[in-house]
Amino acid sequence: MTKKRKILLLEPNYKNKYPPMGLMKLATYHRILGDDVTFFKGNLQDFVLEQIVSECIQRLEYIESSANWKIDQHIVKNFIQKKDLSLFDDILFAESQNKPLIRECLHYFRNYYITGKYKQEPVYDRVCVTTLFTFYWKITIETILFAKQLVKTPEELKIGGIMASLLSKEIQKETGVKSVKGLLDKPSMLDNDVDIIIDDLPLDYSILDEIEYQYPIRDAYFTFMTKGCKRKCSFCSVPKLEPAYKPIVHTIEKFNTVKSLYGDLPNLILLDNNALASPCFSEIIQEIKEIGFSKGAMYVEPNQLEIAIRNLKDDLNNKAYIRRSYSIIHKLLKRLRGQTAQTYYNILDKYSLLKLETTTKENLLSAYPELERIYEKNRPKTSRLRHVDFNQGLDCRFITEEKMKLISEIPILPLRIAFDNLKLKNKYIKGVELAAKYGIKELSNYLLYNYDDSPDDLYERLKINQDLCEKLGVHIYSFPMKYIPVKGKDAQSRDYTGPKWNRKFIRCIQSVLNVTGGIVAPARTNERGNFFEKAFGRTLKEFRELLYMPETYIVYRKIFEVDLGYTSIWQELFRSLNNEEFEEVRLIIESNDFGDYYQTIKNPKLIRLLSHYSISRKDVDNVEQDYEKLKRKFDPLITLCNTI
Ligand code: SF4
């Protein structure tokens, strides 16, 4: 492979917590091959526009070198996008001899963009699209369809990742593109003449600085120390994605590469599916310690500017390191005070580093000798504890005293144990007890629901966690995770309801979690009472009632309970239903569709009850905390109905 290829790595514009590891490995792969790599996540139309603007500016700089086109690139963009020429004559080329050429160039690129001519002249030799959860179906399909326009030859559009592996047939039907299924864990999987195993490569962290999107968690080493899983749980996609279990994946070499290229990172996030199943678990812990993650290990941020400048000099990823240097420099500018701040500002001004648009590699390299000393003296140097997180959760069936002791020798935070099934109760409790015994106090445990469990099951598992917190003095954050099928039509959205669940019950759980940010915090009692008991009920009976409570009353608990007093009115009515009456409204409530119950329900008491469900979250948002307005609007419905 001799010719340098243009490679585009795309992640669909969904929200996600972790950076796309697959694309980061592909970035490393293509950089090894000397290719020109671009990563993008965001609005694809903007991406195309930015590319065209940048090409246009290059051309304009050639035509009229006396103008600073970079400073005014937003004006060029406005013209290409909206044909807005209003500022041009005054600012940019009023005096230019090359006015006709400039106009011609601008019109050419506007036409190129507006008519979609760029689609007939794609510039990328290869486009790789990663995919994640199957319920991101729509946005992923849109991204693949868009990507088709950007690649020179259809067979060089590569779709991989979780959804691509699980729904490959469906994707092919919808887009005509055949996915690359599973892991890129064999030689020559993308290029016949290259025997590099992509899955074994270290991640390229630099690509994360090419985009605006900020991953909530990126300040960590992301890696696997095992692959696949020994079990075959029917609700899980791992047996399909990674069918072979690898008990150890050595990581020291990759770790050292990442550290030397991108600088040391504070935390270690392990995305293993079932690390405890490994017979090499003690070796894994040993390796974690060797790479600097023993209990009590501290982290001090390295000189980030020095690393960024070094990588710029080495041409590692100029776009990324220009952006990164700019952001590092400006972060420090905000911290500086007095004369130092002024001196630092003057240097930035001198080298046109005050705006990202005018920040160039050349300016950065020229300014660095003057910035270096101030940066080193004032950069953050506080030390903090490092953490290790087995992020996908540990399998309680493999927990033993010996393994828990090993875990306690690394700075685990939090410890995550999966509690997917009530049948695992005893093993799960034993696991948490062992964690407490070895001083691990912070736990964050996954609770699968909406599969073959019932709402009662979920309540019991949540309650077990609360009770364990009290008994063992630990903090267990419960993470209820809604089951979504891994195959077929149901996998393409988040609408699936399990056999013992219904739309209303699901909404109820989601409404409570909405208030708590998706987690159920450990039992805390304050002047307002016990948080868990307030949110889910003190008893199973109260929880069952909560499942039927209007969603708005759950989300805006205080407003409806205290300010308006509607909750107690609803409760009184609900509790007064006899079996026959309950059966008459049950299905309507469980369907969570209150559009036309008037047509079927004639009993005034039931109509009164159902009227509570007609208050929507929008109604509350619309009154902007003026709850009197809400009262005036709904009192006739809620209270007058009481007189029916
Ligand atoms: S043990 Fe965990 S990773 Fe393994 S198949 Fe079951 S749910 Fe999936």
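The values are calculated or read from the model by the stated rules, or taken from the named source; none is laboratory data. The shown structure was predicted, so the numbers you read here are calculated from the model rather than taken from an experiment. Reconstructed Cβ throughout: ideal geometry from the backbone, glycine too, with neighbour counts over all protein chains shown. These accessible areas exclude ligands, DNA and RNA; they are computed on the full protein's heavy atoms, side chains included. Shrake-Rupley method; radii C 1.70, N 1.55, O 1.52, S 1.80 Å.
Name the residues in the stretch 114-169 that are open to solvent by 50 Å² or more (accessible area, probe 1.4 Å) and charged (D, E, K, R), would you?
Lys117, Lys119, Glu121, Lys138, Glu142, Lys148, Lys152, Glu155, Lys169
Could you tell me which numbered condition Val520 fails, if it satisfies all but one of (1) closer than 19 Å to Asp467 by Cβ; (2) surrounded by fewer than 17 Cβ atoms within 10 Å (Cβ to Cβ)?
(2)
Quick test for you: out of Leu9, Leu23, pick the one residue that is in contact with a strand residue (DSSP E or B) (Cβ under 6 Å, 6 or more places away or on another chain), touching a residue at least 12 places away in the same chain (Cβ under 8 Å), not in a strand (DSSP E or B) and not basic (Lys, Arg).
On the way: Leu9 fails: not in a strand (DSSP E or B).
Only one candidate qualifies: Leu23.
Is at least one residue of the stretch 473-488 part of a helix (DSSP H, G or I) and either among the small types (Gly, Ala, Ser) or on the phi > 0 side of the Ramachandran plot (or both)?
Going residue by residue through the stretch 473-488, those that are part of a helix (DSSP H, G or I) are none.
Checking the stretch 473-488: not a single residue is part of a helix (DSSP H, G or I) and either among the small types (Gly, Ala, Ser) or on the phi > 0 side of the Ramachandran plot (or both).
Would it be correct to say that Ser511 is modelled with pLDDT under 95, crowded, with 16+ Cβ neighbours inside 10 Å and assigned to a helix (DSSP H, G or I)? Before the answer, list the steps.
Values: modelled with pLDDT under 95: yes; crowded, with 16+ Cβ neighbours inside 10 Å: yes; assigned to a helix (DSSP H, G or I): yes.
Spelling it out, Ser511 is indeed modelled with pLDDT under 95, crowded, with 16+ Cβ neighbours inside 10 Å and assigned to a helix (DSSP H, G or I).
Within the stretch 191-209, identify whether any single residue is open to solvent by 30 Å² or more (accessible area, probe 1.4 Å), touching a helix residue (DSSP H, G or I) at 6+ places or on another chain (Cβ under 7 Å), under 18 Å from Gly160 (Cα atoms) and more than 16 Å from the ligand (Cβ to nearest atom), and answer yes or no.
Looking only at the stretch 191-209, we keep the residues that are open to solvent by 30 Å² or more (accessible area, probe 1.4 Å), and these are 192-193, 195-197, 200.
Within this subset, residues satisfying the condition of being touching a helix residue (DSSP H, G or I) at 6+ places or on another chain (Cβ under 7 Å) are 196.
With the extra rule that they be under 18 Å from Gly160 (Cα atoms), the set shrinks to 196.
Retained after the next criterion (residues that are more than 16 Å from the ligand (Cβ to nearest atom)): 196.
There is at least one residue in the stretch 191-209 that is open to solvent by 30 Å² or more (accessible area, probe 1.4 Å), touching a helix residue (DSSP H, G or I) at 6+ places or on another chain (Cβ under 7 Å), under 18 Å from Gly160 (Cα atoms) and more than 16 Å from the ligand (Cβ to nearest atom).
For the stretch 384-440, what are the residues that are more than 24 Å from Glu290 (Cα to Cα), away from the ligand (no atom under 16 Å from the Cβ) and open to solvent by 30 Å² or more (accessible area, probe 1.4 Å)?
Lys425, Asn426, Ile429, Lys430, Glu433, Lys437 - these are the residues of the stretch 384-440 that are more than 24 Å from Glu290 (Cα to Cα), away from the ligand (no atom under 16 Å from the Cβ) and open to solvent by 30 Å² or more (accessible area, probe 1.4 Å).
Quick one: which helices (runs of 4 or more DSSP H) sit completely within the stretch 234-345 and have at least 1 residues that are more than 16 Å from the ligand (Cβ to nearest atom), surrounded by fewer than 16 Cβ atoms within 10 Å (Cβ to Cβ) and at pLDDT 95 or above?
Once the helices (runs of 4 or more DSSP H) in the stretch 234-345 are filtered for at least 1 residues that are more than 16 Å from the ligand (Cβ to nearest atom), surrounded by fewer than 16 Cβ atoms within 10 Å (Cβ to Cβ) and at pLDDT 95 or above, what remains is 252-262, 281-290, 304-313, 318-335.
Could you say which residue among Lys602, Lys618 is out of contact with any strand residue (DSSP E or B) (no Cβ under 6 Å at 6 or more places or on another chain) and outside any helix (DSSP H, G or I)?
Matching residue, one of Lys602, Lys618: Lys602.
Give me the pairs, please: first residue somewhere in the stretch 429-445 and within 13 Å of Ile407 (Cα to Cα) and in contact (Cβ under 8 Å) with a residue 40 or more places away in the chain, second residue anywhere and among the polar types (S, T, N, Q) and surrounded by fewer than 16 Cβ atoms within 10 Å (Cβ to Cβ), beta-carbon distance under 6 Å, and either six or more positions apart or on two chains.
Pairs found: none.
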